[in-house]
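Notes for the one structure printed next.
Computed from the coordinates by the stated procedures, all read-outs in this text should not be read as laboratory data. Keep in mind it's a predicted model, so treat the numbers as computed, not measured. Virtual Cβ from ideal backbone geometry, glycine too; neighbours counted across all protein chains shown.
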Amino acid sequence: MGGPAVAVSDIITSMPDAVENAPRTAADHTFQVDLRGLVDLLSHHLYSSPRVYLRELLQNGVDAITARQAADPGAPAAIRLTAADGGLRVEDTGVGLTEADVHRFLATIGRSSKRDALETARREYLGQFGIGLLACFVVADEITVVTRSATAPDAPPVEWRAGADGRYTVRVLPDDARPEPGTTVLLAPRRGSEDWFAPDRVVELARDFGALLPYDITVTDAATGRTLPVTDTPAVWDRPFATPDARRAALSRYCDETLGFVPLDVIDLDVPLAGVRGAAFVLPSAVSPAMRGRHRVHLKGMLLTETADALLPDWAFFVRCAVDTEALRPTASRENLYDDEALAAVRDALGVRLRDWLTGLAASEPERLRDFLRVHHLGVKAMARHDDELLALMLPWLPFDTTDGQVGLEEFARRHAVIHLTDTVEEFRQIAPIAAAAGLGVVNGGYTYDADLVRRLPVLRPGTVVDRLDPDTVTAHLDSVDPSVELAAGPFLALARGVLEPLSCDASLRAFHPVTVPALLLDGRDERNERTRAQAESDATAAGDDLWAGILGSLRGGAPRARLVLNHLNPLVRRMTSVSDPGLARTGVEGLYGQALLMSRRPMTAAEGALLNRSFLGLLERALHEPATEDK
């Protein structure tokens with residue numbers, strides 16, 4: 001095909017040139033490399049699938065036509081694929097090869113005609129690593145190439161026939177064997193690979209790889225005579241449309257047909273300096289931020305990969321892209337992009353484009369923005385962490401979990417001069433009802449990115465105060481009880497502190513709303529750290545590691561303790577503080593602690609689980625207990 005490349009130049013050291021002045025009669029030759037081993041390397045370590053054989057054939061044809069048109073712009077430009085007799089024939093109208101070229105470029109591993117011919121047009125070639133025909137041995141036992149050079153019109157056609165065993169022959173053919181310049185490649189399938197040559201499979205692969213190629217490509221089924229077009233150019237993102245809505249609808253259809261989903265929205269992508277054009281399609285449902293994007297990338301029209309994961313910034317996990325590029329470098333297998341400075345620059349530029357799209361929605365299409373944020377607010381929050389301008393723009397729109405419900409930060413900051421931030425979702429769920437009743441403004445900082453964004457508020461809104469919520473802050477907003485009431489409850493509180501001592505928890509009596517909450521477990525970050533230390537000390541002691549247990553014990557110091565705050569407004573608590581039965585009072589304290597612990601929704605320790613189980617069974621036993629009757 002006018003210079004089919006046959007080397008893996010980054011994997012194998014180039015071998016010496018074959019003799020260029022080879023005999024003009026057919027003769028056996030042998031590749032100067034272990035071809036079977038090389039094919040095994042290609043199929044098991046370089047290529048992800050045998051399907052790439054068709055891409056290499058199309059690529060060689062396109063490169064050959066490009067080389068011919070550089071010298072003769074009016075030359076024909078077509079590639080014809082024919083599935084016949086279980087094999088495949090691929091014919092192009094490219095530059096072709098002379099007999100000397102055949103020996104030089106097809107017989108020597110490590111050489112490529114594109115490296116030496118028309119070097120000034122190098123950027124127009126798809127191939128970069130000279131793998132070419134070797135990929136065909138992954139699915140074929142024999143390859144036959146019939147070629148005639150356009151650069152040497154008087155040179156006769158030449159046949160090159162090679163087998164998977166490493167042997168090949170070269171012979172000169174009569175002029176009528178191929179009257180016109182170009183190259184024909186014929187593949188005979190190897191056993192087990194016949195399915196790759198089925199007409200429907202060839203059509204599928206050709207359209208997948210070559211739909212955006214710049215030349216006329218068709219596939220013919222010899223058994224039925226049916227010929228189908230492959231190319232569908234220009235790409236949908238390069239076509240003119242009467243209205244923006246018509247363009248969006250066409251791109252949405254392309255996304256549905258090619259990527260398998262109907263997008264929530266479509267974003268045009270264009271980086272002229274890198275020759276990148278295409279579109280980003282907004283996913284219709286939320287995805288994990290940890291999920292890397294799988295984008296469809298074409299290189300000069302040829303499909304390079306459907307799984308590019310470095311094309312966009314990590315935060316842009318809410319879109320999938322389809323693009324065509326002219327300047328980005330492929331990897332050795334030509335199945336992904338080489339992550340270099342050029343790709344980094346494109347990645348940044350595409351990130352700016354996505355950001356501009358968001359700012360445009362905020363400025364002129366708020367309903368579309370709301371629809372987007374209902375699904376992908378997490379992605380926008382990820383962007384806004386590093387972009388104060390975007391955060392300021394999105395403040396009215398981004399939802400946050402607060403004691404006022406799901407509201408934007410700007411509105412919440414207007415209502416509360418001091419914004420309190422919890423460390424975990426569990427802490428927020430535990431404190432939210434009490435904080436709301438007390439008039440505290442609390443934001444749930446346990447969700448991804450939310451705490452980082454809330455802490456940026458004082459920069460964006462001078463005068464706003466953001467403070468971490470701790471037990472002391474909550475306690476300060478709970479009403480104290482009358483001293484006489486607290487004095488009367490003293491014996492009960494002393495018993496409660498004794499019950500809770502093994503759990504590093506204190507007990508106190510306050511009055512707060514809602515009345516339906518009998519007890520509140522205040523367990524801040526410092527308290528949780530102390531509990532973790534105490535548990536580790538206990539485990540070390542049980543394991544007989546006295547040294548480690550001693551070290552952990554020395555760290556106890558004046559560490560804060562969790563607090564069980566009993567609600568004097570709750571009728572159950574008022575009755576319990578006056579219970580005279582110490583056993584019932586102890587079981588009641590354990591029950592209140594367990595209920596407050598369940599409200600906090602945090603994981604339980606083994607000791608807490610045992611306490612909860614013990615209190616439940618103790619209360620159940622008392623409820624079912626019947627006093628013994630005296631004998632008559």
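Name the long-range amide H neighbours of Val319: under 5 Å, sequence gap of 5 or more, or other chain; modelled H, no Pro or chain starts.
Distant-sequence amide H within range of Val319: Leu283.
If contacts are Cα pairs under 8 angstrom and at least 6 residues apart, what is the relative contact order of the stretch 399-475 in percent?
For the stretch 399-475, the relative contact order is 36 percent.
Under a point-charge model restricted to the Cβ atoms of Lys and Arg (+1) and Asp and Glu (-1), what is the dipole moment magnitude of the stretch 149-295 relative to its Cα centre, in debye to the nearest 20?
Using Cβ point charges on Lys, Arg, Asp and Glu, the stretch 149-295 gives about 420 debye.
What nm value, rounded to one decimal, do you get for the distance between Asp85 and Ala223 when each label is placed 7 Å out toward the C-beta?
Those two pseudo-labels are separated by 1.6 nm.
At Ala198 and Glu486, where each label point lies 7 Å from the Cα along Cα→Cβ, what is the point-to-point distance in nanometres?
Placing both labels 7 Å along Cα→Cβ, they lie 8.3 nm apart.
Quick one: if the Förster radius is 41 Å, what FRET efficiency do Ala610 and Val287 give, using the C-beta to C-beta distance and rounding to 0.05?
0.50
Using 1/(1 + (r/R0)^6) with R0 = 56 angstrom and r between the beta carbons of His386 and Leu619, what's the FRET efficiency to the nearest 0.05?
Result of the calculation: an efficiency of 0.60.
Could you check the simple spin-label distance between Asp545 and Glu367, using points 7 Å along Cα→Cβ, in nm with one decimal?
6.2 nm
Fewest to most neighbouring Cβ within 10 Å: what's the order for Ser480, Ser615, Ser580?
Ser580, Ser480, Ser615
Can you tell me the order of 273-280, 318-325, 92-99, 405-412 when each peptide is scored by its average per-residue count of other Cβ atoms within 10 angstrom, highest first?
92-99, 318-325, 273-280, 405-412
Using a ≥ b ≥ c from the Cα gyration tensor of the stretch 233-387 (square roots of the eigenvalues), is it rounded, prolate or oblate, where a/c under 1.5 gives rounded and otherwise the larger of a/b and b/c decides, a/b for prolate?
Here the stretch 233-387 falls in the oblate category.
Multiplying the sequence separation of Val418 and Asp479 by 0.36 nm and subtracting their Cα-Cα distance, what value in nm do you get?
Roughly 20.0 nm would be gained on extension.
Take Thr82, Thr147, Thr422 and order them by how many other Cβ atoms sit within 10 Å, fewest up front.
Arranged by neighbour count, lowest to highest, Thr82, Thr147, Thr422 become Thr82, Thr422, Thr147.
Computed FRET efficiency, Cβ-Cβ of Thr331 and Leu572, R0 51 Å: what is it to the nearest 0.05?
0.15
Where does each of 461-468, 218-225, 502-509 land if you order them by average Cβ count within 10 Å, highest first?
Going from most to least packed, we get 502-509, 218-225, 461-468.
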